[in-house]
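Only one structure is covered here, and it is reproduced in the block below.
The values are calculated or read from the model by the stated rules, or taken from the named source; none is laboratory data. Because the structure is a prediction, the values reported are computed rather than measured. In this analysis, Cβ positions are derived from the backbone assuming ideal geometry, glycine residues included, and neighbour counts consider all displayed protein chains. Side chains included, ligands, DNA and RNA excluded: accessible areas come from the protein's heavy atoms. Shrake-Rupley method; radii C 1.70, N 1.55, O 1.52, S 1.80 Å.
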Amino acid sequence: MEVSITQYKRCDVVKAAGRVDSNTAPSLAEALDSITEAGRFKIVFDMKDISFVSSKGWWVLIDTQKKCKRYKRGELVLVNIHKEIQESLNLVGLGTYFQIFDDLTAAVGSF
Amino acid sequence: MQRTRVFPGNYKSLAEISSFIEQSIKEAGLDTRDVYAVKLAVDEACCNIIDHAYGGEHKGEMEISVQVETDCLKIELRDQGKPFNPADVPPPQFNATLEELEEHGAGYYLMKKLMDSVHYEYSPQTGNRMILKKRIKN
């Protein structure tokens, strides 16, 4: 899975495409870890081109959210999430741990 | 009509399994929401086979059969890994704080929520057998 990171003044925007499953989740985790390990904790994950997320993928995002919110130093927010993906996130009770935005400008502007 | 395929028990199989499921259930005429639900439930079931029944990748195979009946979609998954007791799977931690959240049990819980029925059985002769059913709304 190819993951791109764009560093803005106020936050980092992460973008990827396709499936986030047990096969691809480690690549996403690596990209997110590279941001938090560099001491940046305000992250927008643009899910416009993400077509599928299994529970493995959610745990990668939860893990990053823990690192970001610790000491109130930041947050991981989600944007452009497909309806079916959001429904499954809510079904497993993890929806409440993320702020979800409808457009990228609003997500970036939240920081 | 029943379609059966055998996949190697590794994570690389997951995308291929998803395509196989999508192709096989086309004739059932499910809406996009239900197609996603079935693909996700099967993905979670396969990950449980790899992670728990086999205890890792490249340890065995997964046989997946899809049957589209008039009012029901039936997917059967078989493997030769360790048996498990569904009663031992902890429920998800609703209302936990972010820091308290731990990764376990979500896959099996999701399967039960996404499908209309999840049935599991084990016999030493045939191994693990899981049957997922989804009602076809007309």
Lys, Arg +1 and Asp, Glu -1 on Cβ, resulting dipole of the stretch B:2-135 about Cα centre, debye, nearest 20
440
At a probe radius of 1.4 Å, figure out the A/B buried accessible area, summed over both chains, and give it in Å² to the nearest 100.
2400
In Hz, Karplus ³J(HN,Hα) per residue of the stretch B:30-41 (6.51, -1.76, 1.60; θ = phi - 60°; x = Gly, Pro):
6, 6, 4, 5, 6, 4, 4, 4, 5, 4, 5, 4
Delta accessible area of at least 40 Å² on complex formation, residues of the stretch B:98-112, 1.4 Å probe, chain isolated as reference:
B:Leu98, B:Glu99, B:Leu101, B:Glu103, B:Ala106, B:Leu110
Find out how many positive minus negative residues lie around A:Asp103, taking Lys and Arg as positive, Asp and Glu as negative, among other residues whose Cβ is under 11 Å from that of A:Asp103.
-1
Which of the peptides A:98-111, B:39-52, A:29-42 is most tightly packed, and how do the rest follow, going by the mean number of other Cβ atoms within 10 Å of each residue?
B:39-52, A:29-42, A:98-111
Among A:Leu91, B:Ile64, A:Asn23, the residue whose Cα sits farthest towards the positive end of the charge dipole of the protein assembly as shown (+1 at Cβ of Lys and Arg, -1 at Cβ of Asp and Glu, taken about the Cα centre) is A:Leu91
Using each residue's phi in the stretch A:91-105, evaluate 6.51 cos²θ - 1.76 cosθ + 1.60 at θ = phi - 60° and report the 3J(HN,Hα) Karplus result to the nearest Hz, with x for Gly and Pro.
4, 8, x, 9, x, 6, 8, 10, 7, 10, 10, 8, 9, 4, 4
Helix-only estimate, please: 222 nm mean residue ellipticity of chain A, summing -39500 (n - 2.57) across DSSP H runs of length 4 or more and dividing by its residues, to the nearest 500.
-11500 deg cm²/dmol
Whole-Hz Karplus couplings 3J(HN,Hα) for the stretch A:9-22, θ = phi - 60° and coefficients 6.51, -1.76, 1.60, Gly and Pro as x, run 4, 9, 7, 10, 10, 9, 9, 8, 9, x, 9, 10, 10, 4
Whole-percent carbon and sulfur contribution to the accessible surface of chain A (1.4 Å, no ligands, DNA or RNA) stands at 47
If we count every other residue with Cβ under 12 angstrom of B:Met1's Cβ, Lys/Arg +1 and Asp/Glu -1, where does the sum land?
+1
When ligands, DNA and RNA are left out and all protein chains stay put, how many square angstrom of accessible area per residue does the stretch A:3-109 have with a 1.4 Å probe?
44
Past 26 Å, Cα to Cα: identify those pairs from A:Lys42/B:Lys39; A:Lys69/B:Lys113; A:Lys15/B:Lys82; A:Lys72/B:Lys39; A:Lys56/B:Lys74, in the order given.
A:Lys42/B:Lys39; A:Lys69/B:Lys113; A:Lys15/B:Lys82; A:Lys72/B:Lys39
